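One structure is given below, encoded as C-alpha cells.
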Amino acid sequence: MRATRSLPLALTLTLALTACGGSALSDGGGGGGDDDSVKIALLVPQSGVYAPLGKDMEAGFRLYLDQHDNQLGGKKVELTVVDEGGGPEDGVPAGTKLAQDESVDAVVGVVNSATALGLVDTFAEAKKPLIIGNAGADDITGKESSPYVWRTSFANGEVGAAIGEKVAEEVGDGKVYLVGPDYAAGKEFLAGFKSSFEKAGGKIAGTQMTPFGKTTNFQPYLQKVRNAKPKAVFAFYAGSEAVTFVKQYDQLGLHKDIPFYGTGFLTEGGALTAQGKSADGIFTSLHYSSELDNETNAAFVKDYSAKNDGKPTVYSVQAYDAGAVLDKALEEGTGGDQIVEGLKAAGEIDSPRGPWSFSDEQGPDQTYYLRKVEQKDGAWSNVVEGDLTKPTS
C-alpha cells in the first residue's frame with residue numbers, strides 16, 4: 001500500500017474516530033443491494049463556496065437517471081446526496097463514512113482536489129468505486145492512482161496544456177504573461193500551459209501567483225502585466241476570483257490592448273453571467289461548451305434547460321457522464337470489483353462533450369475545445385472556435 005499522505009492533525013484525528021465507528025468490510029467491497037437495485041451516493045458541495053458547482057453536478061446526474069427510468073445497468077437506483085462541504089475538513093470525513101457504509105455500492109462526485117486525494121486510499125481499502133466528477137489534481141489519476149478511483153472530468157495540467165500550442169502560434173515572437181491563484185490547482189493549470197507553450201517555441205514574459213481566496217484588488221498585479229508589455233496574457237481563475245479578475249482586467253483597459261487567454265473555468269457558468277461584456281473576446285480551453293454542435297449535446301441542452309434554470313455547465317456534463325459510465329459498468333454487478341471490471345470495459349461514451357473513453361490512467365481521453373466569449377441570442381456564451389491539439393505527456 002502507498003504511504004499515507006500527510007493531513008492536518010485535526011483531520012487525522014477525525015478520520016481515526018470515523019474509522020473506529022465503521023463496520024467490517026466485505027472482501028469484495030461494494031454495497032449490500034440485491035440484483036435488481038443499486039445504491040449510489042452523490043458526494044457534492046451543498047454548502048460553502050462550491051455549492052453552485054454541486055448544484056450543477058446534482059442536476060446533471062439526476063437528468064441521466066430521469067432519462068433512463070431511474071435505472072443504471074438495468075438496476076433501480078436508490079440515490080443519496082451527501083454534502084461535501086467546502087474543503088477536505090468536511091469532505092474527507094463525509095467520504096470516509098460512505099466508503100465504509102456497506103449499503104453503498106459506489107460514490108460519485110467530489111469537487112475539491114484535496115478531498116479527492118484524501119479519499120484515494122480509503123476507497124482502495126474498502127474496494128469501493130469512486131467516480132470523480134470534478135476534482136482535477138493531476139495526481140488523482142497519476143502517481144496517487146487507485147484501481148477503484150476513476151475520473152469523468154479532467155486533469156488540471158491537461159486543460160492548460162491544450163491551448164499552449166495555439167497561443168504560441170498566435171503570439172509568434174511575442175511573450176505571454178501568466179497569472180493565477182497561489183495554490184496547487186493554480187500552479188498545475190499554469191504549469192501545463194507553460195510546458196506545451198514553450199515546447200511550441202513560446203516565451204514567458206513573467207508569472208504572478210496571487211494569494212488564493214484573499215485577493216479582491218488585482219490592480220497592482222495587472223499593472224505589472226502592463227509594464228511587462230506582453231503580446232498576450234494567460235490566466236486561470238474560477239468562481240468569484242474569475243469574476244473580479246476579468247472585470248478589473250477590462251476596467252484597466254488591458255482587454256483592448258492585450259489578448260486574453262485562459263482555462264475554461266475562467267468564463268464558465270455563473271462566472272460568465274456576472275462578467276458580462278467584460279469577458280467579450282476571451283479565448284479559453286475546455287472539454288465542453290453548451291454551444292457544441294452535435295446531436296447528443298443539442299438533446300442534452302434542451303432536456304437540461306427544461307428542468308433547470310439556465311444551460312448546462314461543464315460540471316453538469318461531468319456528472320451526467322458519471323451516470324453513463326456507471327450505466328455500463330453496473331451491467332457486470334454491484335460488487336466493487338465487478339463495477340471496476342465494468343468500468344474497464346466501458347468503451348466509448350456518447351457524451352454531450354463529444355465521444356470519449358477512459359485512458360489507461362482511468363481518466364477521460366477527450367477532446368479539448370477552443371472557446372471564445374461572444375454574445376449569442378442576447379446572452380454571453382462560450383462559442384466553440386474549433387478543436388485543440390490533444391495534450392501529450
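Each reported figure results from applying straightforward, stated rules to the coordinates on display, with no laboratory input. What you see is a predicted model; the values in this text were computed from it and never measured. For neighbour counting, all protein chains shown are included, and Cβ atoms are generated from backbone atoms with ideal geometry for every residue, glycine included.
Summary of values
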{"quantity": "The stretch 320-335 - phi-based ³J(HN,Hα) in whole Hz, Karplus 6.51/-1.76/1.60, Gly and Pro as x", "calculated": "4, 6, 4, x, 5, 6, 5, 4, 6, 5, 6, 5, 7, x, 9, x"}
{"quantity": "Cross-link pairs beyond the 31 Å C-alpha cut-off, checked among Lys199/Lys344; Lys55/Lys231; Lys277/Lys302; Lys97/Lys390; Lys214/Lys376", "calculated": "Lys199/Lys344; Lys55/Lys231; Lys97/Lys390; Lys214/Lys376"}
{"quantity": "Highest-MSF residue in the chain out of Ala299, Ala205, Ala346 [GNM, Cα springs under 10 Å]", "calculated": "Ala299"}
{"quantity": "Antiparallel %, DSSP beta bridges [both residues in the chain], to 5", "calculated": "35 percent"}
{"quantity": "Taking the chain and dividing mean pair separation by its residue count, relative contact order in percent (alpha carbons under 8 Å, at least six apart)", "calculated": "18 percent"}
{"quantity": "Mean Cβ neighbour count within 10 Å, used as a protection proxy, ranking 359-371, 232-244, 300-312 highest first", "calculated": "232-244, 359-371, 300-312"}
{"quantity": "Value at 222 nm in deg cm²/dmol, rounded to 500, when DSSP H runs of n ≥ 4 in the chain each add -39,500 (n - 2.57)", "calculated": "-12500 deg cm²/dmol"}
{"quantity": "Estimated vicinal HN-Hα couplings, Hz - the stretch 204-210 in sequence order (Karplus 6.51, -1.76, 1.60; Gly, Pro = x)", "calculated": "9, 7, x, 9, 10, 10, 8"}
{"quantity": "Option label - Rg and Dmax of the Cα atoms in Å computed here, alternatives (i) 21.0, 70; (ii) 27.4, 109; (iii) 20.8, 66", "calculated": "(iii)"}
{"quantity": "For the stretch 52-61, Karplus couplings with θ = phi - 60° (6.51, -1.76, 1.60), whole Hz, Gly/Pro x", "calculated": "x, 5, x, 4, 5, 5, 4, 4, x, 5"}
{"quantity": "Peptides 333-340, 96-103, 63-70 ordered by average Cβ neighbours within 10 Å, highest first", "calculated": "333-340, 96-103, 63-70"}
{"quantity": "Packing-based order for 85-93, 122-130, using average beta carbon neighbours within 10 Å, highest first", "calculated": "122-130, 85-93"}
{"quantity": "Long-range amide H partners of Ile349 with built H, under 5 Å", "calculated": "Trp356, Ser357"}
{"quantity": "Calculated log₁₀ intensity ratio I(q)/I(0) where the Debye formula runs over C-alpha points of the stretch 92-196, q = 0.12, 0.14, 0.19 Å⁻¹", "calculated": "-0.47, -0.59, -0.87"}
{"quantity": "Net charge contributed by nearby residues that have their C-beta within less than 12 Å of Glu331 (K/R +1, D/E -1)", "calculated": "-2"}
